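As structure tokens, the structure follows; a few thoughts come after it.
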């Protein structure tokens with residue numbers, strides 16, 4: 001899920017015109033947004049939010065896909081889907097994503113989009129931001145997968161993260177204070193919240209169980 | 001000694017340390033130009049703040065040198081109240097002063113007559129650059145945003161989290177935020193929180209290079225703002241190894257630096273232009289503060305000894321016969337000292353009439369590197385020669401009338417120097433003395449010789465290398481080792497340790513050198529374990545003073561411990577360098593407050 005302030009898009013259109021439009025949006029997206037300038041800006045802002053949400057799902061680790069490689073395709077019936085091309089397709093394949101559904105909305109000042117990725121061989125819908133998942137067990141399983149993936153990317157632990165026990169001390173396994181801050185930032189990016197000041201302490205990040213406990217508390221809040 | 005304001009060359013270019021900007025509030029910087037003064041553009045380097053600035057300093061120096069080799073004039077500088085510039089980090093109006101510093105630096109580099117102007121900013125330095133130039137109509141040709149913080153708030157939050165996780169530090173009641181090596185007042189926190197890259201009202205510059213980490217998504221609003229067509233995005237690696245490690249472990253990201261140099265070259269003009277002679281620009285000495293009595297505290301950039309080491313002499317009023325105080329590097333930290341403590345103490349002590357020199361050893365800070373080196377080398381075998389050369393250069397008539405002050409490796413080098421020359425006193429803070437000191441075995445002081453001491457002890461470096469490898473292992477074993485009884489350490493000291501630290505300290509005192517040791521509990525234990533008799537004998541000697549500070553953070557990045565150490569050092573220096581009459585007339589707590 002992602003939100004965009006409409007005025008930012010309107011300002012960019014006013015300042016850079018076609019240079020901006022041509023760099024960020026496809027011809028289909030531009031043609032889909034018609035009406036007065038404020039309506040055009042709102043429609044494009046919603047599409048920009050959809051592209052941002054898609055990047056969150058695809059999680060590029062090196063080069064970010066071009067904005068135009070993530071196209072919001074409007075169906076004649078009015079509903080929208082996300083059509084990928086180029087590097088975005090590669091990232092989706094790597095993540096095992098078959099299809100992406102998108103929902104757009106906008107008001108006068110703000111536009112938003114929710115992107116849902118449908119994964120291979122499963123009817124499971126993984127909604128990686130603002131997750132509303134079926135059972136507590138399923139949620140915890142997905143949360144653990146997420147935590148372990150983030151630890152693998154950011155904790156700089158030499159040990160295979162998949163073998164780390166829930167209560168193993170991550171700092172004793174080699175995670176430094178600096179690395180734990182990167183873990184914190186990645187968790188915030190992934191789960192779309194900020195750890196409050198009271199949680200900025202070593203004990204919050206000392207084990208997978210501790211991280212899961214903090215995340216559960218924050219997502220339930 | 002010579003004035004470092006005079007040009008001295010390094011590699012393919014000329015470089016000059018200088019103060020510039022307002023006379024009453026000078027900024028310090030290093031100006032680099034190609035040797036033939038033919039430039040294709042000018043580049044201003046705006047550094048990160050706090051501990052990230054410490055970690056990035058050698059990368060910035062390398063970037064400056066690479067850009068100079070590629071035909072650019074480069075200015076790297078210290079913001080107001082940071083580094084060697086005037087002012088203090090706790091002065092009011094910090095954010096406005098930092099933004100103004102960027103504009104003053106831009107104005108200064110323009111006086112060279114460069115045909116094109118670019119600005120590079122890293123982390124919150126990039127955020128400040130965007131804020132400064134984004135709210136101005138004056139044109140900047142190109143901007144490089146190097147792993148930028150989306151906002152000042154994001155920067156503070158990351159640093160705050162790091163400090164909380166590392167030390168368990170809690171929030172301050174007065175709204176200020178302490179981060180490693182810095183403290184930001186409530187006003188600064190509020191002002192910095194309003195600095196956002198997405199705030200910029202214009203396109204910032206004709207060309208923007210955004211270097212973002214491959215493993216971070218980046219802030220949505222910043223990404224949105226930087227989706228403009230003239231922004232080139234490159235995903236980089238190496239930031240984790242540069243700013244997400246202890247400063248001593250920071251690695252220069254050569255690949256990223258070459259990306260920047262290459263991009264700026266493609267943006268630069270084809271025709272070079274001869275720019276102004278840097279000899280005619282800036283000032284090699286400056287008044288950086290005034291005493292409550294209105295006396296000027298002056299600093300002078302110097303080139304010291306045969307290797308041309310960089311140093312800054314701080315003084316106030318007439319020359320005195322009192323000992324000169326020398327402040328040594330702490331690990332890879334430059335002459336500004338841990339969290340800029342050396343700068344503050346230099347100015348405080350100078351106000352009391354003491355001459356103070358802070359300087360960089362070979363391969364550290366801003367001193368020349370040895371051939372083939374581009375990063376810091378700590379515990380270098382020839383560091384002792386550097387220290388003695390600097391003492392001779394500053395006071396050729398009476399070189400050993402000196403007090404040496406050092407933290408960690410600096411404490412080691414101070415002890416080392418005191419074992420070969422009878423200086424007046426040394427202050428060693430958390431010194432690491434588990435390394436074999438070759439001079440311990442010498443009888444008396446070695447005779448003066450043209451031959452460097454390092455060359456006369458070929459095994460010295462090898463022994464240190466062994467110690468360097470042994471120390472990390474020792475750290476890993478620490479929980480076990482710390483539980484060993486004192487008697488076990490007595491045995492270890494005699495079998496495995498050529499010179500137990502306590503006996504090294506005793507030799508310093510026996511050589512009639514006054515010695516102040518300041519240590520945290522763990523460091524104090526390591527200095528004294530297994531040597532209770534030696535320690536008892538030391539404590540009975542009036543030349544010896546040892547202060548143990550509970551929970552002292554080793555590198556002095558924590559404010560409370562740093563202030564305690566500063567007070568202890570000040571007492572020692574004042575007692576040795578300031579006459580009783582002057583001591584009575586000065587109130588140092590008030591003096592420090594007014595030095596801003």
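The values are calculated or read from the model by the stated rules, or taken from the named source; none is laboratory data. From a predicted model like this one, the values you see are computed outputs, not experimental measurements. Cβ placement follows ideal geometry from the backbone for every residue including glycine, while neighbour counts extend to all protein chains displayed.
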* Check whether at least one residue in region A:62-72 is more than 30 Å from residue A:154 (Cβ to Cβ) and either touching a helix residue (DSSP H, G or I) at 6+ places or on another chain (Cβ under 7 Å) or assigned to a helix (DSSP H, G or I) (or both), and report yes or no. => yes
* What single numbered condition from (1) touching a helix residue (DSSP H, G or I) at 6+ places or on another chain (Cβ under 7 Å); (2) assigned to a loop (DSSP other than H, G, I, E, B); (3) surrounded by 24 or more Cβ atoms within 10 Å (Cβ to Cβ); (4) free of Cβ contacts under 8 Å to residues at least 60 places away in the same chain fails to hold for residue B:357? -> (2)
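Results for (1) crowded, with 18+ Cβ neighbours inside 10 Å; (2) in contact with a helix residue (DSSP H, G or I) (Cβ under 7 Å, 6 or more places away or on another chain), shown as yes or no for each residue.
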position	(1), (2)
A:27	no, no
A:44	yes, yes
A:47	yes, yes
A:50	yes, no
A:83	no, no
* Structure fact -> Counted residues in region B:397-406 being more than 8 Å from residue B:431 (Cβ to Cβ) and surrounded by 24 or more Cβ atoms within 10 Å (Cβ to Cβ) come to 4
* Take residue A:157 and decide whether it is more than 15 Å from residue A:140 (Cα to Cα), away from chain B (no Cβ under 12 Å) and within 25 Å of the chain's Cα centre (by Cα). => yes
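Just to check your reading of the model, which residue among B:543, B:571 is in contact with a strand residue (DSSP E or B) (Cβ under 7 Å, 6 or more places away or on another chain), surrounded by fewer than 21 Cβ atoms within 10 Å (Cβ to Cβ) and under 26 Å from residue B:326 (Cβ atoms)?
Of the residues listed, the single one that is in contact with a strand residue (DSSP E or B) (Cβ under 7 Å, 6 or more places away or on another chain), surrounded by fewer than 21 Cβ atoms within 10 Å (Cβ to Cβ) and under 26 Å from residue B:326 (Cβ atoms) is B:543.
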* Single unsatisfied condition, residue B:123 versus (1) on the phi < 0 side of the Ramachandran plot; (2) buried (at least 21 other Cβ atoms within 10 Å of the Cβ) -> (1)
* Report yes if residue A:17 is more than 14 Å from chain B (Cβ to nearest Cβ), free of Cβ contacts under 8 Å to residues at least 40 places away in the same chain and at positive phi, otherwise no. => no
* Asked: Can you tell me which residues in region A:185-213 are surrounded by fewer than 16 Cβ atoms within 10 Å (Cβ to Cβ), assigned to a helix (DSSP H, G or I) and within 11 Å of chain B (Cβ to nearest Cβ)?
  -> A:188, A:197, A:198, A:203
* Does residue A:4 satisfy the condition of being surrounded by 19 or more Cβ atoms within 10 Å (Cβ to Cβ), at the interface with another protein chain (Cβ under 9 Å from one of its Cβ atoms), under 24 Å from the mean Cα position of the chain (by Cα) and not in a helix (DSSP H, G or I)? -> yes
* To do: Considering only region A:20-44, state which residues are within 12 Å of chain B (Cβ to nearest Cβ), part of a helix (DSSP H, G or I) and either within 20 Å of residue A:79 (Cβ to Cβ) or at pLDDT 85 or above (or both).
  => A:21, A:24, A:44
* Tell me, yes or no, whether region B:307-314 has at least one residue that is under 27 Å from residue B:50 (Cβ atoms), surrounded by fewer than 24 Cβ atoms within 10 Å (Cβ to Cβ) and out of contact with any strand residue (DSSP E or B) (no Cβ under 8 Å at 6 or more places or on another chain). => no
